[in-house]
Amino acid sequence: MLHFPDRKKMGRKKNIRRLSVITVLIFIIFANTNGTNLMVYAEEQTETQAADQTEVLEVESPSCILVEASTGQVLFEKNCDEAMAPASVTKVMTLLLAFEAIGAGQMTLDDIVTVSEHAASMGGSQCFFEAGEEQTVEDMIKCIIIASGNDAAVAMAEKVAGSEEAFVKKMNERAAELGMTNASFKNACGLDADGHKMSARDISIMSRELITKYPAIFDYSGIWMDSIIHKTRRGESQFDLVNTNKFLNMYTGATGLKTGFTNTAKYCMSATAERDGIQLIAVIMGADTKDIRNKDACRLLDYGYSMCQKYTDLNILQEKEISIDNGTESCVTIKTDSQFTGILLAGEHAEDVKKKLEMRDPLTAPVDSGEELGKMSYYIGERCIGSVPIYAAEKVDSMSMKYAFVKVLKLQFTY
């Protein structure tokens with residue numbers, strides 16, 4: 001007797017096998033890939049500008065520090081954590097808070113600053129404002145950075161915070177936020193006061209914050225001569241501003257920033273310079289003479305430029321695809337919007353620079369176009385010389401169960 005297979009049973013078994021395959025495929029699609037905290041892709045190193053020279057450095061001033069501005073790398077220091085009187089270099093923080101207030105929309109360059117009796121009473125270097133006199137915020141910035149006016153600094157402090165006392169509180173709060181561990185502000189202008197101290201490192205920190213976040217400061221710090229118009233009850237008169245920072249005419253590439261002197265502080269300076277795209281900050285404190293201060297600043301900056309070379313990568317990332325989990329697409333195209341510039345130190349070479357693409361892990365959908373997904377970092381050995389962000393070039397939606405089921409069915413019946 002011939003027996004024919006039961007077609008219904010065969011159909012049920014075939015469907016069971018098919019559903020099993022579909023289930024496995026869906027599981028595979030939704031499975032996350034285990035791995036390390038970072039997905040790392042090694043890249044080729046690219047072009048640089050080379051040259052270096054090392055020299056022995058002698059600094060006569062009791063305290064100093066030399067910093068590369070873009071990275072904050074300390075290139076040289078001498079007794080840089082001793083708290084000392086900073087004199088008018090204090091005004092770097094006054095200017096930083098003023099620029100932050102402008103950046104936050106709390107005031108504009110055209111707003112009016114009214115000079116109070118208290119501000120007008122300041123001694124030392126001043127612009128000889130009278131109580132009740134009005135100047136624009138921009139002109140007050142010029143008076144602070146060019147002429148080092150103590151009256152201008154206090155008037156600006158009152159404009160920003162309502163009173164010098166409230167402003168000093170802001171100064172100390174901002175110093176703490178920036179990690180200026182030895183800084184203690186007692187006034188907004190730098191006149192000698194008990195406990196008004198900070199270290200060379202502290203000054204380099206606030207100087208770096210000012211020039212990197214608000215490079216417009218250089219529109220004012222590099223001005224050699226300017227003038228304002230005094231507007232008083234007696235009428236109007238021109239007042240000439242001459243930059244107290246003679247270092248501007250002494251060093252090629254000098255851009256600022258602020259000098260200071262009191263009998264207690266002696267000669268101090270936060271000197272900034274830029275050559276070939278490399279920006280350095282040299283802080284001098286407690287120099288016995290102006291000549292010593294300026295010569296030490298020159299030595300520091302010369303040393304820094306002999307130590308540094310610029311590394312530029314114009315081809316950070318060819319647009320490429322990276323795997324993404326749980327997305328309607330299996331990959332997402334990534335991009336970067338900028339070139340990379342970093343600083344190599346003496347003994348470091350372009351061929352030793354390693355690029356690492358460090359992406360979120362796990363990288364899962366959804367992601368929006370333009371969303372930051374990771375960064376390209378640049379290393380010399382263990383030292384990171386900088387990084388640039390990496391973005392999604394397209395939107396990738398997350399995969400729903402319905403989408404996954406339909407996709408698997410299409411795959412199943414395609415083959």
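Residues that are free of Cβ contacts under 8 Å to residues at least 24 places away in the same chain and within 26 Å of SER398 (Cβ to Cβ): which strands (runs of 3 or more DSSP E) entirely in segment 264-379 hold 1 or more of them?
Ranges flagged: 320-323, 331-335.
Tell me whether segment 100-117 contains one or more residues that are touching a Cys at 6+ places or on another chain (Cβ under 9 Å) and at pLDDT 95 or above.
no
Listed residues GLU372, GLU358, GLU319; which is at pLDDT below 85 and not assigned by TED's automatic domain parsing to the domain that holds THR71?
From the options GLU372, GLU358, GLU319, the qualifying one is GLU319.
When you go through ILE211, ILE229 one by one, which is the residue that is assigned to a helix (DSSP H, G or I) and at negative phi?
ILE211
Under the condition of being in contact with a strand residue (DSSP E or B) (Cβ under 6 Å, 6 or more places away or on another chain) and within 22 Å of VAL67 (Cα to Cα), which residue from segment 183-207 is surrounded by the fewest Cβ atoms within 10 Å (Cβ to Cβ)?
SER184
Could you go through segment 349-358 and let me know if any residue there is of a type in the set (Asp, Glu), within 26 Å of LEU66 (Cα to Cα) and buried (at least 18 other Cβ atoms within 10 Å of the Cβ).
The answer is no; no qualifying residue exists.
Give just the number: which of (1) buried (at least 23 other Cβ atoms within 10 Å of the Cβ); (2) touching a Cys at 6+ places or on another chain (Cβ under 8 Å) does LYS258 not satisfy?
(2)
How many residues are more than 17 Å from the chain's Cα centre (by Cα), within 16 Å of MET198 (Cα to Cα) and either in a helix (DSSP H, G or I) or not assigned by TED's automatic domain parsing to the domain that holds LYS197 (or both) if we restrict to segment 67-101?
Within segment 67-101, residues that are more than 17 Å from the chain's Cα centre (by Cα), within 16 Å of MET198 (Cα to Cα) and either in a helix (DSSP H, G or I) or not assigned by TED's automatic domain parsing to the domain that holds LYS197 (or both) number 6.
Would you mind listing the helices (runs of 4 or more DSSP H) fully within segment 111-197 where at least 1 residues are in contact with a Lys or Arg (Cβ under 9 Å, 6 or more places away or on another chain) and in contact (Cβ under 8 Å) with a residue 12 or more places away in the chain?
Answer list for segment 111-197: 137-145, 150-161, 164-178.
Keeping to segment 225-253, report how many residues are aromatic (Phe, Trp, Tyr) and within 27 Å of the chain's Cα centre (by Cα).
Qualifying residue count for the region: 2.
Give the number of residues within segment 226-241 that are hydrophobic (A, V, I, L, M, F, W, C) and either farther than 30 Å from ILE112 by Cβ or exposed (fewer than 13 other Cβ atoms within 10 Å of the Cβ) (or both).
The qualifying residues number 1.
The values are calculated or read from the model by the stated rules, or taken from the named source; none is laboratory data. Model, not experiment: these values are computed from the prediction. Glycine gets a Cβ as well: all are built from the backbone with ideal geometry, and neighbour counts include every protein chain shown.
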